[in-house]
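**Student:** Questions regarding the structure given below will be posed in turn.
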Amino acid sequence: MLSAAGQGDYYRATSPGQRYARLNEVRECDVCIIGGGFAGLSTAVALSERGHKDIVLLEAEQVGFGASGRNGGFVFGGYSLGERAVLAAAGAEDGRKLYHMTLDAVEQIRRRIKAYAIDCDLQEEGVYLANWFDDARILDQQQRFMAEQLGVEWERVSRAQLAEKIRSERYFGALFEPGAFHFHPLKYAQGLARAISERGAHVYEDSRVTRIEAAGAQWLVHTPGGSVRARQLVVCCGGYIEKLYPRLGGAVLPIATYVMVTEALHERLGDAMRTRAAVYDTRFAFDYYRPLADSRLLWGGRISIRARSGADVARLLYQDMLKVYPQLAGTGVDYAWSGMMSYGRHKMPQLGRLPEGIWYGMGFGGHGVAPTTLAGDVLAAAILGEGDGLSRFRPWGLPSTGGPAGLLAAQLAYWYYEMRDWMRQ
């Protein structure tokens, strides 16, 4: 099933990208950012767009190595914590503002793709939320909630209308989000790195931070080959933070998700999809997938507390694909991979500043492209003393996730909701 090409992931194979030097010297800067994913890159871009160029960005592997360069490529509003829960926790007015910050971030991504001429396979075709269950109330309630509570119009698509676009008997209609899009996330990350480098920031790869220490009113950041002395320090490490800074690492759960990409399907793709839109469904444990520019189908889903081999990922997701599109039986899988996301216990982004002065942005979970972008804008504004966006995330804070016990609880919770989906079906 998994071809010989499947030893890596599709994104890295199709965009090796520009490489940056390892830090092998002692540097001083105004702002040091740890983490070359969307949150760190977006913070650097937002600072540079405000005229702030004295920036050093340190990445332990390569730009976009983590979830930012391995995700499904969906770009739309919202957080991992669902819309209803956000409003319930923050109140109607603040919850609505929080949601619209993610819509603003979607537009920010569009603007930056154009402004920095980032060739990232942009597909402006929208996203379908397809109903897995034979229960029209699910779509009715969601459409009404989005319109009445959030001021967002999602288009209702009947089962017959959806069947013209998505050739599957699995779904019972959908909601269509026309303002959403999908893209090649690694190419976008690499484009942001190029943009900040051209604007004067210094990007270093293969420069894993081994130690952070206070140095008077500054921070001293150590790597195996050098160090950075910075007046401001921003940590954006996500699911790969490990033990770098225990106060932050103990507040996130590293959770794996799985993605595969089929062989090029050419005209056979039309047997399954007659749309360029991306799709996810109404289950808690949902599939998400999208057609790629080269006629392949990218398919993602499931979460786990452990990464898996490419062969295991391909086996699991291939079965999931055939539940929706049995007509694709026999299709080859050229790429399959897993990667670690970071979840806070409350499933909201964790943005703020520690009492000792370290800024942080992490915990974006499985819905992070827009929130990481807004995180960069919010953190940059806060560093420069502008705006109050950071205060909107203060209520969620940095509660401990409980270490190994928290991971086990997360896995058990996923299995519970997965079983509930199955029973409802």
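The values are calculated or read from the model by the stated rules, or taken from the named source; none is laboratory data. For clarity, every value in this text was computed on a predicted model and none was experimentally measured. With ideal geometry, Cβ positions are generated from the backbone for all residues, glycine too; neighbour counts draw on all protein chains shown.
**Student:** Checking the conditions here, which among TYR10, TYR20 is of a type in the set (Ser, Thr, Tyr), more than 26 Å from PRO254 (Cα to Cα) and in contact with an Asp or Glu (Cβ under 9 Å, 6 or more places away or on another chain)?
**Tutor:** TYR20
**Student:** Report whether or not GLY66 is surrounded by 20 or more Cβ atoms within 10 Å (Cβ to Cβ), touching a strand residue (DSSP E or B) at 6+ places or on another chain (Cβ under 7 Å) and either at pLDDT below 95 or within 24 Å of PRO291 (Cβ to Cβ) (or both).
**Tutor:** yes
**Student:** Specify which of the listed residues (SER309, SER338, SER295, SER304) is in contact with a Lys or Arg (Cβ under 6 Å, 6 or more places away or on another chain) and either closer than 13 Å to GLY72 by Cβ or of a type in the set (Ser, Thr, Tyr) (or both).
**Tutor:** None of the other options fit; the residue is SER338.
**Student:** Something else: Looking for whichever is closer than 19 Å to PHE286 by Cα and surrounded by 19 or more Cβ atoms within 10 Å (Cβ to Cβ) here; the options are ALA130, ALA136. Which one fits?
**Tutor:** Only one candidate passes the filter, namely ALA130.
**Student:** Looking at (1) surrounded by fewer than 17 Cβ atoms within 10 Å (Cβ to Cβ); (2) outside any loop (DSSP other than H, G, I, E, B); (3) of a type in the set (D, E, K, R), which is the one condition that is false for ARG290?
**Tutor:** (1)
**Student:** Looking at ALA251, ALA230, which one is assigned to a loop (DSSP other than H, G, I, E, B), of a type in the set (Gly, Ala, Ser) and either at pLDDT 95 or above or closer than 28 Å to HIS52 by Cβ (or both)?
**Tutor:** Details: ALA230 fails: assigned to a loop (DSSP other than H, G, I, E, B).
Result: ALA251 is the single residue among ALA251, ALA230 that is assigned to a loop (DSSP other than H, G, I, E, B), of a type in the set (Gly, Ala, Ser) and either at pLDDT 95 or above or closer than 28 Å to HIS52 by Cβ (or both).
**Student:** While we're here: Taking interchain pairs and intrachain pairs at least six residues apart, which have beta carbon atoms under 7 angstrom, with the first residue in segment 345-363 and among the aliphatic types (A, V, I, L, M) and the second at pLDDT 95 or above and part of a loop (DSSP other than H, G, I, E, B)?
**Tutor:** As it stands, the answer is MET348/TYR79; MET362/CYS236, since those pairs meet every condition given.
**Student:** Quick check on segment 32-63: of everything there that is of a type in the set (D, E, K, R) and surrounded by fewer than 24 Cβ atoms within 10 Å (Cβ to Cβ), which residue is nearest to the chain's Cα centre (by Cα)?
**Tutor:** GLU61
**Student:** Just checking, how many residues over segment 247-278 are free of Cβ contacts under 8 Å to residues at least 60 places away in the same chain and under 23 Å from the mean Cα position of the chain (by Cα)?
**Tutor:** 1
**Student:** Tell me, please, whether a residue that is crowded, with 17+ Cβ neighbours inside 10 Å and either without any contact (Cβ under 8 Å) to a residue 12 or more places away in the chain or under 22 Å from GLU49 (Cα atoms) (or both) can be found in segment 177-185. Lay out the reasoning, then the answer.
**Tutor:** Of all residues in segment 177-185, those crowded, with 17+ Cβ neighbours inside 10 Å come to 177, 179-185.
Retained after the next criterion (residues that are either without any contact (Cβ under 8 Å) to a residue 12 or more places away in the chain or under 22 Å from GLU49 (Cα atoms) (or both)): 185.
Checking segment 177-185: at least one residue is crowded, with 17+ Cβ neighbours inside 10 Å and either without any contact (Cβ under 8 Å) to a residue 12 or more places away in the chain or under 22 Å from GLU49 (Cα atoms) (or both).
**Student:** Also, quick follow-up: Identify the single condition in (1) free of Cβ contacts under 8 Å to residues at least 40 places away in the same chain; (2) surrounded by 19 or more Cβ atoms within 10 Å (Cβ to Cβ); (3) of a type in the set (Asp, Glu) that ASP281 does not satisfy, given that it satisfies every other one.
**Tutor:** Condition (1) is where ASP281 drops out.
**Student:** Pairs please, first residue from segment 377-396 and within 12 Å of ARG50 (Cβ to Cβ) and at pLDDT below 95, second anywhere and of a type in the set (A, V, I, L, M) and in a helix (DSSP H, G or I), Cβ atoms under 7 Å, 6+ apart in sequence or on different chains.
**Tutor:** Partner pairs satisfying both residue conditions: GLY387/ALA381.
**Student:** Also, quick follow-up: Can you tell which of LEU175, LEU192 is in contact with a helix residue (DSSP H, G or I) (Cβ under 7 Å, 6 or more places away or on another chain), at negative phi and assigned to a strand (DSSP E or B)? Working first, answer last.
**Tutor:** Numbers: LEU192 fails: assigned to a strand (DSSP E or B).
Unique residue meeting the criteria: LEU175.
**Student:** Just the residues that are of a type in the set (Val, Ile, Thr) and assigned to a helix (DSSP H, G or I), please, taken from segment 40-95.
**Tutor:** Result: THR43, VAL45, VAL86.
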